Protein chains: 2
Amino acid sequence: MKITRPTLLIDKRRALVNIHQMSHKANQNEISFRPHFKTHQSARIGKWFRKEGISKITVSSVEMAAYFANYGWDDITIAFPVNILEISEINQLAKKIKLGLLVESNETIRFLGENLRAPVRIWIKVDIGYHRTGIPWNQEQEIFALIRETEKKDILKFQGLLTHAGHAYHVRGIPELNAVYEDSVHKLLRIKRFLLREGVQQIQLSYGDTPTCSIINNFAGLDEIRPGNFIFYDVMQLMIGSCMENQIAAAVACPVVAKHTARRELVIYGGAVHLSKEYLTDTTGQVIFGYATSWDGAHWGPIFSDGYVTSLTQEHGIIRCGNTFFNRVNIGNVIVIIPVHSCLTMNLMRHFRVI
Amino acid sequence: MKITRPTLLIDKRRALVNIHQMSHKANQNEISFRPHFKTHQSARIGKWFRKEGISKITVSSVEMAAYFANYGWDDITIAFPVNILEISEINQLAKKIKLGLLVESNETIRFLGENLRAPVRIWIKVDIGYHRTGIPWNQEQEIFALIRETEKKDILKFQGLLTHAGHAYHVRGIPELNAVYEDSVHKLLRIKRFLLREGVQQIQLSYGDTPTCSIINNFAGLDEIRPGNFIFYDVMQLMIGSCMENQIAAAVACPVVAKHTARRELVIYGGAVHLSKEYLTDTTGQVIFGYATSWDGAHWGPIFSDGYVTSLTQEHGIIRCGNTFFNRVNIGNVIVIIPVHSCLTMNLMRHFRVI
């Protein structure tokens, strides 16, 4: 494969294995698998899921829902608090597909009750510790009030509680991930018991996030999982401990344009507009915008132990590396960068090549 | 103007003033003004420069050069170390327009000498303290050797030394900016004197970066300036001290989708895929992904003293704010975010609306 400029590479075989493993696990648990398509935003990659038998998906915007609906996906949850300004687009979708919406306020529920023109499924967003969106898990009365508000309108079909354990991205290692998962499910089940006692019937629990879904095998208590990033994984998941290196399925091939011997740095054509400015700090305190590896024209190799992206500007990437790596690479060579956050890289690159 | 989703707004009047001021300053100094078009990457905005009499531009990739060449720009410097893997695209451009290329290694110069099919202008990249790319300014012999290598081939037309004072982004306030500028010019002039003594004739000095070019009025010694960001400015320039708030010409209008009273936070539809993950740390240690302001349907207002973007995920932005701002804003309102880095925001949004 000829590379001349920054090129997003997708390892299809690894991606298919990742899809299969997650799907298989959901099937074994007899729960619904509704993968988040914000990671790839691609109708072509959507087909890979379809072949695995997946028919329900999650997205994070009305625009994405409309895009996938155009490609035949007819059961979509928009896992983002309803943007009431897009009511006309939401109505178009609601007439066409089985649409799930996420709410967390009375204002939004009332607005939907008055302005929707077709039935939608309503999920209440619950905050189980991430503190980004949702009603805090311990405010059971408030959650119950929202359900009551939802039930006032036939057009609003209450489904259950939806949550995202985004704080799983801040922990490291299996024991800590297990703890986040157990705590999350404990909180969800506690609210569910409360709501059942109050007479609410049929409460589904929908749970998402790649780190915990990747390491948990027994999803007892849940009705649905919605991971997204797991199709590609990335450096962030590797550092969290939720994937192995050989599961990473997305990387960016970048030409080397300069070498600086005194500071053992390579300059690549590959910057913030390709990889995104997402970074991580490793255990030594080093800021990392991606790991580096080799390119043999067909595949990328194992991550170099001594090479990483130390800074990114608009089009430039700076790779700091050890002697072995540095001496092996010349101007005009191509190296491969494993991104910190594959969702953002995919969003920036838009086009990809399958290896 | 009806806003229903994240929308990039460009204040054309401010942008035109910014263009005029920089252009006027270059004219007064009788130096060349070659604005960097990576900031906007837009043929439409290019026309605003054309009206101000600008005919020479800078870009940061072969792809961008080809894009603007298609829109009639025929004098373009690619201010990025030559990516020799794109030699065929470079040759196409070199046949069509006056093309300037940036080199910093013998390997690249020799490659160009052997593989170019039309004459190009050669600039040697000099590192005056940013340490991203270029030959360190005090390695005069090495710079001289590169010029000698360039002169071996008639097709390579040596122009001079090009530098980017990217470290100006790390200082704060006019005195520090003045110091960066003076130091930069001092270093460039020192190399130039050395090269003149060695018999090199006609050495132009091309200098870029918005922070210093914005605050300097007397460019004595230089032949060309190449700022780019100054057309829009942003929070970063505001913090550096290189612009006033009323010069900022780019912002993103975002719908408010949720309010969290206990922690005085708004959730907006507007995330990393709209604003980029570029952030700044203010004097109190607070991480900031953008400032917030109001939207009256036609213009944005003054930056709120008590509202800023405290975190960004793919589509979500979290605004932390004081009571006044918080109580004034409701779900379904639109607020405006001044981005930290307008170049990256423009690159992500691609489309814009002029106000």
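Note down the relative contact order for the stretch B:293-355 as a percent, whole number, built from C-alpha pairs under 8 angstrom at least six residues apart.
Details: 52 pairs, mean separation 19.2, N = 63.
In percent, rounded to a whole number, it is 30.
Please tell me the relative contact order of the stretch A:140-224 in percent, rounded to the nearest whole number, where contacts are Cα pairs under 8 Å and at least six residues apart.
Working: 74 pairs, mean separation 31.6, N = 85.
Contact order relative to length: 37 percent.
Based on the Cβ-Cβ distance of residue B:201 and residue B:75, what FRET efficiency does E = 1/(1 + (r/R0)^6) give at R0 = 30 Å, to the nearest 0.05? Present the calculation step by step, with values, prior to reporting the outcome.
On the way: r = 22 Å, r/R0 = 0.73.
Calculated transfer efficiency: 0.85.
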> Taking amide H positions as placed 1.01 Å from N in the peptide plane, with prolines and chain starts having none, which residues 5 or more places from residue B:258, or on another chain, fall under 5 Å of its amide H?
Replying inline: B:267
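What trypsin sites (Lys or Arg not before Pro) in the stretch A:216-308 are in a loop by DSSP, with at most 16 other Cβ atoms within 10 Å of the Cβ? All intermediate terms of the calculation are to be shown ahead of the outcome.
Details: sites: A:259, A:263, A:264, A:277; in loops: A:263, A:264, A:277.
Here the sparse-neighbourhood loop sites are A:263.
Show me the three semi-axes of the equivalent ellipsoid for the stretch B:210-355, from the C-alpha gyration tensor (sqrt of 5 times each eigenvalue), largest first, rounded to whole Å. Don't skip to the end; give the middle numbers.
Details: eigenvalues 168, 48, 38 Å².
Semi-axes (√(5λ), whole Å): 29, 15, 14.
Any number yet on Rg/Rh for the stretch A:77-219, C-alpha, Kirkwood?
On the way: Rg = 15.6 Å, Rh = 15.7 Å.
Rounded to two decimals, Rg over Rh is 0.99.
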>> In whole Hz and in residue order, list the ³J(HN,Hα) couplings for the stretch A:123-135 that follow from phi through the Karplus curve 6.51 cos²θ - 1.76 cosθ + 1.60, θ = phi - 60°; x for Gly and Pro.
In response: 10, 8, 7, 10, 8, 9, x, 7, 6, 9, 9, x, 7
>> Leaving out ligands and nucleic acids, and using a 1.4 Å probe, what accessible area per residue does chain A come to in Å²?
In response: 38 Å²
> Within the set A:187/B:259; A:25/A:95; A:152/A:187; A:56/B:259, which residue pairs have Cα atoms separated by over 24 Å?
Replying inline: A:25/A:95; A:152/A:187; A:56/B:259
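Within a Cβ distance under 10 Å of residue A:255, other residues only, what is the Lys/Arg minus Asp/Glu net charge? Write out the running numbers ahead of the final one.
On the way: positive: A:5; negative: B:86.
That sum, taken over residues with Cβ under 10 Å, equals 0.
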> Rank B:291, A:233 by accessible area, highest first, at a 1.4 Å probe radius?
Replying inline: B:291, A:233
>> Can you tally the net charge around residue B:91? Count Lys and Arg as +1, Asp and Glu as -1, for every other residue whose Cβ sits under 14 Å from the Cβ of residue B:91.
In response: 0
> Modelled label-to-label distance, residue B:17 and residue B:281, 7 Å Cα→beta-carbon offset: nm?
Replying inline: 3.4 nm
> Given H placed on each backbone N at 1.01 Å, which residues far from residue A:127 in sequence or on other chains put an amide H within less than 5 Å of it?
Replying inline: A:135, A:137
> Hey, if you drop one equal point scatterer on each alpha-carbon of the stretch B:158-199 and run the Debye formula without solvent, what base-10 log of I(q)/I(0) do you get at q = 0.17, 0.34 Å⁻¹?
Replying inline: -0.54, -1.17
> Efficiency by 1/(1 + (r/R0)^6): what FRET value for residue A:178 and residue B:142, r their Cβ-Cβ distance, R0 = 45 Å, to the nearest 0.05?
Replying inline: 0.20
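For a Förster distance of 56 Å, can you work out the FRET efficiency between the beta-carbons of residue A:2 and residue B:355, rounded to the nearest 0.05?
Details: r = 44 Å, r/R0 = 0.78.
About 0.80, to the nearest 0.05.
Helix-only estimate, please: 222 nm mean residue ellipticity of the protein assembly as shown, summing -39500 (n - 2.57) across DSSP H runs of length 4 or more and dividing by its residues, to the nearest 500.
Details: 24 runs with 242 residues, N = 710.
Rounded to the nearest 500, it is -10000 deg cm²/dmol.
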> By what distance, in whole Å, do the Cα atoms of the stretch B:97-174 stretch along each of the three principal axes, largest value first?
Replying inline: 46, 30, 16
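Viscosity 1.567 mPa s, temperature 4 °C: give me the Stokes-Einstein translational D for the stretch B:267-348 in µm²/s, with Rh taken as the Kirkwood radius over C-alpha pairs.
On the way: Rh = 12.8 Å.
Calculated translational D: 101 µm²/s.
Can you check what the net charge comes to around residue B:193, using other residues whose Cβ is under 13 Å from the Cβ of residue B:193 (Lys, Arg +1; Asp, Glu -1)?
Details: positive: B:187, B:190, B:192, B:197; negative: B:140, B:198.
Net charge in that neighbourhood comes out at +2.
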>> Quick check: pseudo-label points 7 Å beyond the Cα along Cα→Cβ at residue A:298 and residue B:246, how many nm apart are they?
In response: 6.5 nm
> How high is the relative contact order of chain A, given as a whole-number percent (alpha carbon pairs under 8 Å, six or more residues apart)?
Replying inline: 20 percent
>> Could you derive backbone 3J(HN,Hα) for the stretch A:278-291 from the dihedral phi with the Karplus parameters 6.51, -1.76 and 1.60 (θ = phi - 60°), listing whole Hz in sequence and x where the residue is Gly or Pro?
In response: 5, 9, 9, 10, 7, 5, 8, x, 6, 7, 10, 9, x, 9
> For all pairs of alpha-carbon atoms in chain A, what percent lies in each bin of width 20 Å, listed from the first bin to the last filled one?
Replying inline: 29, 52, 17, 1
> Do any trypsin sites (Lys or Arg not before Pro) in the stretch A:159-199 lie in a DSSP loop with no more than 14 other beta carbon atoms within 10 Å, and if so, which?
Replying inline: A:172
> Comparing the chain by itself with all protein chains present, which residues of the stretch B:314-335 are at least 10 Å² less accessible (probe 1.4 Å)?
Replying inline: B:314, B:315, B:316, B:318, B:331, B:332
> Using θ = phi - 60° and the Karplus curve 6.51 cos²θ - 1.76 cosθ + 1.60, what whole-Hz ³J(HN,Hα) does each residue of the stretch B:57-69 get, with Gly and Pro shown as x?
Replying inline: 9, 10, 9, 10, 7, 5, 4, 5, 4, 5, 4, 6, 4
> Ratio of the protein assembly as shown's C-alpha Rg to 2.2 N^0.38 Å, to two decimals?
Replying inline: 1.00
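The values are calculated or read from the model by the stated rules, or taken from the named source; none is laboratory data. The structure displayed is predicted, hence computed values, not measured ones. Cβ sites come from the backbone with ideal geometry, for glycine too, and all protein chains shown count toward neighbours. Accessible surface is based on the protein model in full, side chains and every heavy atom, while ligands, DNA and RNA are left aside. Shrake-Rupley method; radii C 1.70, N 1.55, O 1.52, S 1.80 Å.
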